[in-house]
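One structure below.
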Amino acid sequence: MVNFVFSLVMSNLAAMAMAAQPAEGTPVQPLGQALPPPLRAMLQLTPSQEEALVAIEQDLKKQLERILTPEQIKVLANARSRASARSGNSVSGPLPNIIVIVADDLGYGDIEPFGSRLNRTPHLASMAREGMKLTSFYACPVCTPSRAQMMTGCYAKRVSLPQVIFPGSATGIHADERTLPELLKKQGYVTSCIGKWHLGDQPCFLPTSRGFDRYFGIPYSNDMGPQHGASKGNPLPLMRGDRVIETLDGEGQNAVTARYTSEAVAYIRENKDRPFFLYLPHTAVHVPLHPGSAFRGKSKNGNYGDWVEELDDSVGQVLSAVRDAGIDARTMVLFTSDNGAPRVGSNAPLRGFKASTWEGGMRVPTIVRWPGTVPAGVACNAVCGNIDILPSCLAIAGGAVAADRAIDGKNLVDLWRGSSTASPHAAYGCFLGNSLQGLRSGQWKYYTTENWLFDLDKDIAEAMDVAAAHPDVVATMRKYAEAIELDLGKGSVTGPGVRQAGRVASPVLPRLRP
Ligand SMILES: [Ca+2]
């Protein structure tokens with residue numbers, strides 16, 4: 001045991017070297033924190049063991065500073081950084097913070113860095129200049145399955161959440177799934193969900209029952225008022241934790257983006273000194289449209305543009321909070337949307353709208369920003385999607401996906417670093433509900449039922465079927481589709497790789513009055 005602990009401590013000598021000689025602007029690791037949180041979590045140390053380890057670390061650090069020159073300490077620190085990079089683990093020093101911002105129903109062509117000239121989004125434009133645009137990033141055609149994919153790292157069909165769920169639904173993420181916040185907590189993160197959850201409103205399915213320390217927001221879409229009946233809108237429950245704290249009417253909804261943003265900024269300030277995961281799925285810009293009063297009537301694109309511009313302002317406030325907290329270089333921020341826009345928005349230059357597997361239904365504007373790690377001002381066209389968020393975030397937190405179950409997502413960190421431009425997916429499945437309607441592989445998009453093939457490099461708008469000219473590509477795409485359907489089943493058939501959703505026997509509607 002002594003040798004084991006000693007080897008663990010020795011393996012982090014270089015980390016202590018970094019603490020002894022921090023690079024300019026690098027926060028000094030507190031003594032006793034030299035063991036990375038993943039190792040600390042694995043060891044499950046008792047308080048007295050922690051104390052003893054701290055003493056050993058302090059002693060070793062002193063000896064290190066006595067024996068080695070400052071130059072040698074720098075060499076050690078650099079060697080550790082290189083080792084981290086080789087292992088795909090971005091951790092060198094404190095674990096990076098992770099912020100995932102998700103817009104609701106925002107289209108590919110709705111923001112400046114993806115071509116909008118209608119909506120003013122200077123903060124997202126700036127985020128793209130400081131980071132990487134992911135130009136072939138896929139969500140799902142609708143809300144719930146997209147969120148299931150982000151939280152589980154699996155195709156929604158695999159975890160049996162392929163359809164939109166409604167207030168009082170009996171289903172949610174199964175307790176046996178390992179959600180992204182649960183996995184990050186094991187790595188030592190604190191976790192918060194602020195915004196639209198849409199993965200079940202029963203107590204056992206709420207964010208605080210699925211890995212988040214905190215929750216604040218409207219638990220489903222903003223058109224699901226009582227209870228998705230004729231009024232199709234208000235009132236809506238605003239929750240904190242597992243309780244309804246307010247009932248929102250139209251005015252209440254107008255203020256919701258600003259309130260989410262204030263909560264997010266406060267959370268960043270409060271947790272800047274420890275690794276945190278902030279998941280910020282906005283209610284904006286899903287219909288009915290509720291821009292805040294400061295933005296109403298200000299855009300050139302009606303209420304929709306007003307709300308897009310408020311969303312952009314919110315991103316700006318979050319990034320400012322990160323900068324002001326001095327954690328810019330150790331905070332990865334990902335911005336994306338949960339599906340393409342309906343007709344009120346723009347998916348230009350893509351074909352189709354929300355609720356379809358045309359590119360416009362599920363290819364979404366996505367930006368990753370992490371100064372010093374993600375190169376600035378570049379675009380990556382490798383095929384990837386929101387099933388990859390879980391493995392990628394876990395990788396930068398020093399963890400790895402569970403080996404005891406199928407996880408469809410892949411680690412995108414090499415793409416994000418710019419050290420690779422190759423998609424980790426031979427083929428990415430495009431599902432509508434339980435049906436595998438299409439596949440994206442490299443430049444090709446293939447539709448399984450119609451036998452249509454589009455060359456997206458030449459025809460991003462999917463206007464010309466070229467299947468007849470490329471029988472070899474069609475044959476390969478069919479093989480990919482067969483492999484997925486062998487695993488997950490064809491259409492409504494449940495394949496061997498499908499796992500059950502969580503289900504309660506007697507669901508209840510959330511009480512609208514607190
Ligand atoms: Ca949506």
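Numbers at a glance
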read-out	value
Among the residues listed as Ala382, Ala400, the single one being touching a residue at least 40 places away in the same chain (Cβ under 8 Å), on the phi < 0 side of the Ramachandran plot, surrounded by fewer than 21 Cβ atoms within 10 Å (Cβ to Cβ) and more than 16 Å from the ligand (Cβ to nearest atom)	Ala382
Residue among Ala125, Ala139 that is buried (at least 24 other Cβ atoms within 10 Å of the Cβ), closer than 23 Å to Val364 by Cβ and either of a type outside the set (A, V, I, L, M, F, W, C) or touching a residue at least 12 places away in the same chain (Cβ under 8 Å) (or both)	Ala139
Residue identified as touching a residue at least 60 places away in the same chain (Cβ under 8 Å), in the same structural domain as Ser262 (by TED's automatic domain parsing) and touching a helix residue (DSSP H, G or I) at 6+ places or on another chain (Cβ under 6 Å) among Leu350, Leu334	Leu350
Residue match in region 361-368 (condition: within 15 Å of the ligand (Cβ to nearest atom), in a helix (DSSP H, G or I), more than 18 Å from Asn119 (Cα to Cα) and not hydroxyl-bearing (Ser, Thr, Tyr))	yes
Those residues of region 281-303 which are surrounded by 23 or more Cβ atoms within 10 Å (Cβ to Cβ) and of a type in the set (Ser, Thr, Tyr), in sequence order	Thr283
Strands (runs of 3 or more DSSP E) wholly inside region 172-280 containing at least 1 residues that are surrounded by fewer than 19 Cβ atoms within 10 Å (Cβ to Cβ)	214-217, 236-240, 243-248
Unique match (being out of contact with any strand residue (DSSP E or B) (no Cβ under 9 Å at 6 or more places or on another chain) and within 16 Å of the ligand (Cβ to nearest atom)) among Pro349, Pro291, Pro281, Pro342	Pro342
Pick from region 139-182, criterion within 14 Å of the ligand (Cβ to nearest atom) and among the hydroxyl-bearing types (Ser, Thr, Tyr), ranking: nearest to Ala406 (Cα to Cα)	Ser146
Residue satisfying all of: in region 110-137; more than 16 Å from the ligand (Cβ to nearest atom) and touching a Gly at 6+ places or on another chain (Cβ under 7 Å); nearest to Asp313 (Cα to Cα) among these	His123
Residue that is farthest from Leu350 (Cα to Cα), among those in region 136-152 that are in contact with a Cys (Cβ under 9 Å, 6 or more places away or on another chain) and of a type in the set (Gly, Ala, Ser)	Ala148
Subset of region 91-109 [part of a loop (DSSP other than H, G, I, E, B) and within 13 Å of the ligand (Cβ to nearest atom)]	Asp104, Asp105, Leu106, Gly107
Flag if Ser84 is modelled with pLDDT under 95, under 20 Å from the mean Cα position of the chain (by Cα) and surrounded by fewer than 24 Cβ atoms within 10 Å (Cβ to Cβ)	no
Matching residues, region 171-200, being farther than 21 Å from Asp104 by Cα and among the hydrophobic types (A, V, I, L, M, F, W, C)	Ala175, Leu183, Leu184, Val190
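For (1) assigned to a loop (DSSP other than H, G, I, E, B); (2) buried (at least 17 other Cβ atoms within 10 Å of the Cβ); (3) more than 24 Å from the chain's Cα centre (by Cα), each residue gets a yes or a no:
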{"site": "Lys410", "(1), (2), (3)": "yes, yes, no"}
{"site": "Gly429", "(1), (2), (3)": "no, yes, no"}
{"site": "Arg440", "(1), (2), (3)": "no, yes, no"}
{"site": "Lys458", "(1), (2), (3)": "yes, no, yes"}
{"site": "Val474", "(1), (2), (3)": "no, yes, yes"}
{"site": "Met477", "(1), (2), (3)": "no, yes, yes"}
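The values are calculated or read from the model by the stated rules, or taken from the named source; none is laboratory data. Keep in mind that what you see is a predicted model, and the values were worked out from it rather than measured. Glycine also receives a Cβ, built like all others from the backbone with ideal geometry; neighbour counts cover every protein chain displayed.
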